[in-house]
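**Q** Before anything else, here's the structure in question.
What follows draws every value from the coordinates through simple rules; no lab data is involved. Just so it is clear, the structure is predicted and the values come from calculations on it, not from any experiment. Neighbour counts run over all protein chains shown; Cβ positions are idealised from the backbone, glycine included.
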Amino acid sequence: MKLSKITLAITAAATIFTIGCTASKTVSEESLGLRTTNLYTEKDTVADKTTYGTKAAGTSTKIERAFENAPPMIPHDVEGMLPITISNNMCTSCHEPAVAESMGATPIPKSHYTSFRPHTTLTKDGMIEKEGKVVENTSDFKTVAKPLPTLAGARFNCSQCHTPQSNSTMVPKNVFEGDFRTKGSDAKSNLIDNINEGVK
């Protein structure tokens, strides 16, 4: 008797759930993304041609950062500047802090002239040691910032984070607005000041 009441309750709940689900609006697959053509064939699908701005460096308009400490987009043409190597980096000729202001360029921030890699070793008993301190959870270790006289080895390749903005027309509407906590952080980086934010 008890088992049949439980079975009846489960059946009733499943029926109500099924009725509720079938009453919802049906959405077509084609309406879920940017693509409005048949999802099962490429026959009628033509991608938007990717083009970038052609204004020379110094004549383009800066692109507003998407959020605080976001790597800024490259607003100018990069023809002849790529690939970037550790010994040939055209970006530094204008963005080096010593000359950036006179060139009207965004200066490379202090964070790029800093090593954030702590000296890490394993002790004899297999524990992780960072900067001479044994740690159990490496995510609780505060970042060590060591100033460098040149670009950090992890930061020389500008195009791993900074890219030109595509002039695409087939883009989704973006209503996101960045929230910048301090005045001016929409135009420059303050990462070096808050790198340990949220770390115990």
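**Q** Scan (i) 0.94; (ii) 1.06; (iii) 1.17 for the value of Rg/Rh (Cα atoms, Kirkwood Rh) calculated from this model and give just the label.
**A** From the options (i) 0.94; (ii) 1.06; (iii) 1.17, the structure gives (iii).
**Q** Run the numbers on the chain and let me know its relative contact order in percent, using alpha-carbon pairs under 8 Å that are six or more apart.
**A** 26
**Q** Which residue, chosen from ASN190, THR121, GLY80, occupies the Cα position most advanced towards the positive end of the dipole of the chain, where the dipole is computed from +1 (Lys, Arg) and -1 (Asp, Glu) charges on Cβ about the Cα centre?
**A** Of the listed residues, the answer is THR121.
**Q** OK, next. If R₀ is 45 angstrom, what is the calculated FRET efficiency for the pair ALA100 and THR120, using the beta carbon separation as r and rounding to 0.05?
**A** Approximately 0.85, to the nearest 0.05.
**Q** So, with +1 on the Cβ of K and R and -1 on the Cβ of D and E, and no other charges, what is the size of the charge dipole of the chain about its Cα centre, to the nearest 20 debye?
**A** 540
**Q** Gaussian network model of the chain, Cα springs within a sub-10 Å range: biggest mean-square fluctuation belongs to which of THR51, THR120, THR11?
**A** THR11
**Q** Right, something else. How large is the convex hull of the C-alpha atoms of the stretch 110-155 per residue, in Å³?
**A** That works out to 84 Å³ per residue.
**Q** Could you compute the longest span of the chain free of chymotrypsin sites (Phe, Trp or Tyr not before Pro) located in DSSP loops and having at most 11 other Cβ atoms within 10 Å, not counting the site residues?
**A** The segment 41-175 is the longest one with no such site.
**Q** Report the GluC sites (Glu not before Pro) located in the stretch 56-127 that are in a DSSP loop and have at most 15 other Cβ atoms inside 10 Å of their Cβ, or state none.
**A** GLU64, GLU79
**Q** If you don't mind, another one. Could you work out the helix-only [θ] at 222 nm for the chain, with each DSSP H run of four or more residues adding -39,500 (n - 2.57) and the total divided by the number of residues, to the nearest 500 deg cm²/dmol?
**A** When only DSSP H runs of four or more count, the value is -5000 deg cm²/dmol.
**Q** Mind pulling the angle between the C-alpha long axis of helix 2-22 and the longest principal axis of the chain? Nearest 10 degrees, somewhere in 0 to 90.
**A** Around 60 degrees separate the two axes.
**Q** Around HIS119, what is the net charge, scoring Lys/Arg as +1 and Asp/Glu as -1 over all other residues with Cβ under 15 Å from its Cβ?
**A** After counting each charged neighbour, the total is +3.
**Q** May I ask which of LYS110/LYS133; LYS49/LYS173; LYS110/LYS130; LYS55/LYS183; LYS43/LYS173; LYS124/LYS146 have a Cα-Cα span longer than 20 Å here?
**A** Distance filter (> 20 Å) returns LYS110/LYS133; LYS110/LYS130; LYS55/LYS183; LYS43/LYS173; LYS124/LYS146.
**Q** Here's another thing I want to ask about it. Pick from PRO97, PRO164, PRO149 the residue whose mean-square fluctuation is largest in a GNM of the chain, springs joining Cα atoms under 10 Å.
**A** Highest fluctuation among the options: PRO149.
**Q** To continue, here is another question. How big is Rg to Rh over the stretch 58-175, alpha-carbon atoms, Rh as the Kirkwood inverse-mean-distance radius?
**A** 1.09
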